[in-house]
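Some notes on the structure that comes next.
The values are calculated or read from the model by the stated rules, or taken from the named source; none is laboratory data. Remember, it's a predicted structure, so these values are computed and weren't measured experimentally. Cβ: placed from backbone, ideal geometry, glycine included. Neighbour counts: every protein chain shown. For accessibility, only protein heavy atoms count, side chains too; no ligands or nucleic acids. Shrake-Rupley method; radii C 1.70, N 1.55, O 1.52, S 1.80 Å.
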Amino acid sequence: MTQLPLRAQLASALGRSAATLSRMTGRGDGSVIGGRVGLLLEPDLLRQLARDRKLALVSATNGKTTTTRLITSALLELGEVATNAFGANMPAGHVSALSQHKRAPYGVLEVDEKYLPEVLATTGAGVVCLMNLSRDQMDRAAEIWLLAQKWRKALSGKPTHVIANCDDPLVTWGASTAAKVTWVSGGQRWKEDSWCCPECGGPLDRKDADWACRECTFHRPEPQWVVDGDAAIDPRGQRWLLDIQLPGQANRSNAVMALAVAETFGVPVERALPRLREVTSVAGRYTTVERDGRHARLLLAKNPAGWLEAFDVADPQLPIILSVNAQGPDGRDTSWLWDVDYRILRGRPVFVTGERRLDLALRLDVADVPFTLCGTFMEALAMQPPGRVDVIANYTAFQQIRSEFGRAV
Ligand SMILES: [Zn+2]
């Protein structure tokens, strides 16, 4: 690997010091502040740090942190991998990740959907993995079509190899200008944002996983990889039992995306799959925390699609605690609560907490789901009998719970 120019070396080193200082003073993991300091001193730092490395960028509304982690695990078969493991998914986080692993020949970067064009242009990444696009909050509903359009522009005319989920029409449209695409049938649980053709606005006809526009030629491409229950079918038609530890159908889909990406890096399924099976939790997601004999499993759900995935994972035999906030990263508007069908929770003991518990309580009441209102998460946990309980929380509610248990990983 060629040496970084002196200015970039200095910027990178000072950024790392700032990150260390930030960690020592308890201001978080430091990856954002470190990257910001580096970029301030050398605006071209990300490009320079990315040079001479083989990079994969991972973007989606849901599952990008987990998939980034899975791909990273698989690529460890090849050598050292730089990655933004804490979900700091904008350029400052990428700078920090790459400068912390200066000599890593590989990098896997989770990228915020909006930053994908910029990060792709800057890093010249050879591989991009695109999984799903749905709205995060009501106030961002109109943005996702524009986002997909920006992806199209960003990918057009570049040699990038895209791995994309062809079950999501908007992702398919966003990816289809790329020179080379490997299509994965990864499933699409949340369909409410894709009833219209992104190409012409006509209605999309759907039959099982297949879809096609009624009015133009836009249709689902033939997938090379398929997620089939607990198995992956590879491009040669061979079936692989996934048997991963991360729960739920969404994670099986993430795993198959990771296998497809790993193969483009030259890691075959038989070497990648054992690595994926080693992953048990990702930045606190799926972790079980314990207090006084109550074992709470933490599920993160940031948007309606995420809630459906969490319902798929949650054990119907167990009580469930739901916690909703509406701070900055959550979005101030909680009207998306009305998009989620909560009737699946009927018959389970349901406990509701978080700053916006009254909003959620009203929603559950309308859906005829009985619940108990709790002042705090700890109060809700203390009301459980000893044993297991599932917890679904949105972003800041999830981080609050994690910090009560010492940043559970
Ligand atoms: Zn159409």
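Could you please let me know if ILE344 is open to solvent by less than 10 Å² (accessible area, probe 1.4 Å) and either assigned to a helix (DSSP H, G or I) or not acidic (Asp, Glu) (or both)? No, not satisfied.
Considered as a group, the residues in the stretch 352-380 that are farther than 17 Å from ARG332 by Cα and part of a loop (DSSP other than H, G, I, E, B) include one that is most open to solvent (accessible area, probe 1.4 Å), and that residue is ASP368.
Among the residues that make up the stretch 104-113, is at least one of them part of a loop (DSSP other than H, G, I, E, B) and over 30 Å from GLU270 (Cα atoms)?
yes
Filter the stretch 233-256 for residues that are surrounded by 20 or more Cβ atoms within 10 Å (Cβ to Cβ) and closer than 15 Å to CYS166 by Cβ; which is nearest to the chain's Cα centre (by Cα)? For the stretch 233-256, the residue satisfying everything is SER253. Here the stretch 214-229 is the region considered, the condition is being without any contact (Cβ under 8 Å) to a residue 40 or more places away in the chain and surrounded by 12 or more Cβ atoms within 10 Å (Cβ to Cβ), and the residue that is nearest to ALA148 (Cα to Cα) is HIS219.
Residues in the stretch 174-213 that are open to solvent by 10 Å² or more (accessible area, probe 1.4 Å) and among the aromatic types (Phe, Trp, Tyr) were compared, and the one that is farthest from the ligand (Cβ to nearest atom) is TRP190. Cβ-Cβ below 7 Å, separation at least six or inter-chain, first residue in the stretch 272-293 and closer than 15 Å to LEU242 by Cβ, second crowded, with 20+ Cβ neighbours inside 10 Å and polar (S, T, N, Q): which pairs? Listed pairs, sorted by first residue: ARG275/SER73; LEU276/SER73; GLU278/SER73; VAL279/SER73.
Among residues of the stretch 57-81 that are over 25 Å from ASP167 (Cβ atoms), those with a beta-carbon under 6 Å from a residue that is part of a loop (DSSP other than H, G, I, E, B) and open to solvent by less than 10 Å² (accessible area, probe 1.4 Å) at least six positions away or on a different chain give the pairs GLU77/VAL267; GLU80/ALA104; VAL81/ALA104.
When each of ALA92, ALA8, ALA97, ALA60 is tested for being more than 23 Å from the chain's Cα centre (by Cα) and modelled with pLDDT under 95, the lone residue that passes is ALA8.
Name the residues in the stretch 156-169 that are surrounded by 24 or more Cβ atoms within 10 Å (Cβ to Cβ) and either among the basic types (Lys, Arg) or not in a strand (DSSP E or B) (or both), would you?
First, the residues of the stretch 156-169 that are surrounded by 24 or more Cβ atoms within 10 Å (Cβ to Cβ): 162-169.
Residues satisfying the conditions are CYS166, ASP167, ASP168, PRO169.
Kindly indicate whether any position in the stretch 30-50 is under 30 Å from GLN249 (Cβ atoms) and either at pLDDT below 95 or open to solvent by less than 10 Å² (accessible area, probe 1.4 Å) (or both). So far as the stretch 30-50 goes, no, none of its residues is under 30 Å from GLN249 (Cβ atoms) and either at pLDDT below 95 or open to solvent by less than 10 Å² (accessible area, probe 1.4 Å) (or both). It is to be established whether one or more residues within the stretch 216-233 are in a strand (DSSP E or B) and within 16 Å of the ligand (Cβ to nearest atom). Yes, some residue in the stretch 216-233 is in a strand (DSSP E or B) and within 16 Å of the ligand (Cβ to nearest atom).
Exactly one residue out of ALA232, ALA178 is at pLDDT 95 or above and within 28 Å of ALA310 (Cβ to Cβ): that is ALA232. Does LEU259 satisfy the criteria of being under 27 Å from GLY157 (Cα atoms), away from the ligand (no atom under 16 Å from the Cβ) and either over 22 Å from the mean Cα position of the chain (by Cα) or at pLDDT 95 or above (or both)? Yes, satisfied. When GLY284, GLY266 are checked against the criterion of being under 22 Å from the mean Cα position of the chain (by Cα) and over 23 Å from GLY187 (Cβ atoms), GLY284 stands alone in meeting it. With respect to the conditions (1) away from the ligand (no atom under 16 Å from the Cβ); (2) part of a loop (DSSP other than H, G, I, E, B); (3) in contact (Cβ under 8 Å) with a residue 24 or more places away in the chain; (4) farther than 21 Å from LYS64 by Cα, GLY237 falls short on a single one, namely (3).
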